[in-house]
Amino acid sequence: MHKTDPFTPNTKNQAVLSWVQEQAKLCQPDKIYWCNGSDAEKEALTAQAVKEGILIKLNQDKLPGCYYHRSNPNDVARVEQCTFICTPSKAEAGPTNNWMAPADMYKKMNALLAGSMKGRTMYVVPYLMGPKGSPLTKVGVEITDSIYVVLSMRVMARIGDVAYEHLGESDDFTRGTHSMLDVNPDRRFICHFPQDNNIISVGSNYGGNVLLGKKCLALRLGSYLGRNQGWMAEHMLILGVESPTGEKTYVAAAFPSACGKTNFAMLIPPAHYKGWKIWTLGDDIAWMRPGPDGRLYAINPEAGYFGVVPGTNSKSNPNAVTTIQRDTIYTNVALTPDGDVWWEGKDGEVPKECLDWKGNKWTPESKEKAAHPNSRFAAPMANNPALAPEANDPNGVPISAIIFGGRRATTLPLVYQTFNWIHGVYVGATMGSEMTAAAVGGAGQVRRDPMAMLPFCGYDMGEYFHHWLNMRRDIKVLPKIFSVNWFRKDKNGNFMWPGFGENMRVLSWIVDRCRGRKGALETPLGWVPKAEDFDLEGMKDFSAAQFNEVQEINSEEWKQEIQLQSEIFLKLNDKMPKELIFQRELLVSRL
Ligand code: GTP
Ligand code: SPV
Ligand code: MN
């Protein structure tokens, strides 16, 4: 709808209008700003954010359209302890989620939100999760008092009038209310009300807690809706592998937070893969449903990347380096005197002096890191040189392989293929990973993170496993399921596998397996590549003997691993599908 000033509503949708009025009555903002997603709006809001000191304009010659943000130092990652699933019964949220009864949580949130936007502007951000015209696409409206959230949302989602057009007169949209309050960890809550299609987030201004289309809608509410409606919302990247003859194979992969999805989705193959090309569909979230031909089709509901910055360089991820050269919001990296950004693991020289992520003077002698380990970029996917043209296809792409991978220093080999769908679900359900800086607390500890969804499943995890098993009936052409581990270490604590672009070698074997082109060896875990089938060409520092080491299956370690899996079996006890209990027994007997 055409509008002349941002302070008059730009929609006639009654449900949106009355809900916004209700929230305004509660939060009492000075003004209500109705976002339409235009470029003029971006310019105006960016200028406002710079004026208020929320964003710092970076060197526009080096980084056109790029801005810098420092968060409150107490607010740098997701907060799982403060994340709640508010279903009528505790059982519905399950034993792996924090729970509070909806009425109690609404009461608590309303008390915190009351008058919270006095002296502030309330921004109304309509957005789409998914490409225009897709049957999976969802409409959300986020209310926020953070201009940083508005500007990040316009990178991460398709915002503005396009969402109101999709919504029409319907009241079927996800309501999301966000207020930073005073950014105090004691008043930080990320609350989901699946039955009401509602999200309330207070006390934070960090991505995963406040960009409500992302983890809150696309994963927590999405997984809940998907179970009821027969589709899947997953913490997965989506990529396409194109062969020299133009054959395309699509792969989805679930790795926990900060375990390599963005890097894998943007992979550039080693030099001798002439004519091979990897296309990025998505780097964090996949929505998947069975298509009319019985295959499993995936879309990426997002429109941008909210990626881990440290370690990004032209060796590890050249496509990301290009992607974040323009129109990017950097959060919690270091700032150099010439208005450039810096982080540990960046190309080029270490700056002699800069300001660290807290704004303090930093030199190479400093003990602390210049960039926070969970510093992030928000960049539009359109900047990615490897963006697949199909990324905007409303039908999505047919998935041939699903990969599960964690961060494991021991035990887990580089790659194996599961025997079938049920076995694959077991491998996903029991996967473990070392915790990372993407969530507050516990970094480095191995924990069970089923399908990389432990922090993101919006209902009982045991029911979620049942849903995975049930999907087998609706998907006629089942994707093959694989396990990978890029992070195995040797005795000296060094990664055994070079990773990054070299992961193409693993991907290439996976594609060949999906297309029935390569044989494999049966092991107790599953199918592994025969030595002669695994491409080591051109790897100067990696021998066939090293390949055997990184593939080693150590039965002592596996006995311990099965013990560790008890963590999830005991926690979910009566909800654990019997198929998975049997799979565990089968693994024990094979070992
Ligand atoms: P979220 O955005 O938190 O969901 O994370 P992500 O899964 O997209 O993780 P990302 O690709 O950003 O990688 C996070 C960290 O893993 C970075 O520090 C990378 O350098 C490291 N990493 C990624 N791929 C590899 C790899 O193949 N080998 C090794 N050793 N490290 C990797
Ligand atoms: C993750 O933690 O898995 C992320 C970053 O992708 S955030 O969006 O902050 O959750
Ligand atoms: Mn993620």
Please enumerate the residues belonging to the stretch 321-374 that are among the charged types (D, E, K, R) and closer than 22 Å to ASP75 by Cα. GLU344, ASP356, LYS358, LYS361, LYS367, GLU368, LYS369
With respect to the numbered conditions (1) more than 16 Å from the chain's Cα centre (by Cα); (2) away from ligand 1 (no atom under 16 Å from the Cβ), which one is the sole condition not fulfilled by MET288? (1)
Can you tell which of LYS315, LYS346 is surrounded by fewer than 21 Cβ atoms within 10 Å (Cβ to Cβ), in contact (Cβ under 8 Å) with a residue 24 or more places away in the chain, within 16 Å of ligand 1 (Cβ to nearest atom) and among the basic types (Lys, Arg)? LYS315
Condition (residue is farther than 14 Å from ASN59 by Cβ, aliphatic (A, V, I, L, M) and over 29 Å from the mean Cα position of the chain (by Cα)) applied to the stretch 359-371: is it met by at least one residue? no
If we scan the stretch 221-242, do we find a residue that is more than 16 Å from ligand 1 (Cβ to nearest atom), within 30 Å of TYR273 (Cα to Cα), in contact (Cβ under 8 Å) with a residue 60 or more places away in the chain and not hydroxyl-bearing (Ser, Thr, Tyr)? yes
Report, ordered by the first and then the second residue, all pairs with beta carbons closer than 6 Å, sequence separation of six or more or different chains, a first member in the stretch 201-219 that is on the phi > 0 side of the Ramachandran plot, and a second member that is away from ligand 3 (no atom under 12 Å from the Cβ). GLY203/LEU181; GLY203/ASN184; GLY203/ARG187; GLY203/ARG188
Scan the stretch 259-280 and tell me whether some residue there is within 16 Å of ligand 2 (Cβ to nearest atom) and more than 16 Å from MET381 (Cβ to Cβ). yes
Note: among LEU113, LEU63, just one is buried (at least 16 other Cβ atoms within 10 Å of the Cβ) and closer than 23 Å to ASN197 by Cβ, namely LEU113
Any residue at all in the stretch 246-257 that is in the same structural domain as LEU478 (by TED's automatic domain parsing), within 12 Å of ligand 1 (Cβ to nearest atom) and in contact with an Asp or Glu (Cβ under 7 Å, 6 or more places away or on another chain)? yes
Take the stretch 427-444 and flag every residue that is within 16 Å of ligand 2 (Cβ to nearest atom) and not small (Gly, Ala, Ser). MET431, GLU434, MET435, THR436, VAL440
Could you list all residues from the stretch 322-360 that are hydrophobic (A, V, I, L, M, F, W, C), under 19 Å from ASN205 (Cβ atoms) and in a loop (DSSP other than H, G, I, E, B)? VAL333, TRP357
Test GLY359 against the criterion of being surrounded by fewer than 23 Cβ atoms within 10 Å (Cβ to Cβ) and touching a Gly at 6+ places or on another chain (Cβ under 6 Å), and give yes or no. no
Hey, can you tell me all the residues within the stretch 447-467 that are more than 22 Å from VAL415 (Cα to Cα) and either more than 16 Å from ligand 2 (Cβ to nearest atom) or free of Cβ contacts under 8 Å to residues at least 12 places away in the same chain (or both)? TYR459, ASP460, MET461, GLY462, GLU463, TYR464, PHE465, HIS466, HIS467
Quick check on ASN317: is it within 16 Å of ligand 2 (Cβ to nearest atom) and more than 21 Å from ALA382 (Cα to Cα)? no
Would you confirm whether or not the stretch 423-439 contains a residue that is surrounded by fewer than 15 Cβ atoms within 10 Å (Cβ to Cβ) and either over 26 Å from PRO318 (Cα atoms) or touching a Ser or Thr at 6+ places or on another chain (Cβ under 9 Å) (or both)? no
Can you pull out every residue in the stretch 160-182 that is among the acidic types (Asp, Glu) and in a helix (DSSP H, G or I)? ASP161, GLU165
Confirm whether ASN503 is within 25 Å of GLN565 (Cα to Cα) and either among the aliphatic types (A, V, I, L, M) or away from ligand 2 (no atom under 16 Å from the Cβ) (or both). no
Out of the stretch 554-588, which residues are of a type in the set (Val, Ile, Thr) and under 30 Å from the mean Cα position of the chain (by Cα)? ILE562, ILE568, ILE581
Name every residue in the stretch 179-197 that is over 12 Å from LEU112 (Cβ atoms) and either crowded, with 23+ Cβ neighbours inside 10 Å or out of contact with any Pro (no Cβ under 9 Å at 6 or more places or on another chain) (or both), in order of residue number. VAL183, PRO185, ILE190, HIS192, PRO194, ASN197
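The values are calculated or read from the model by the stated rules, or taken from the named source; none is laboratory data. All figures in this text were calculated on a predicted structure; none of them were measured in a lab. So basically every Cβ, Gly included, is an ideal-geometry build from the backbone, and we count neighbours across all protein chains shown.
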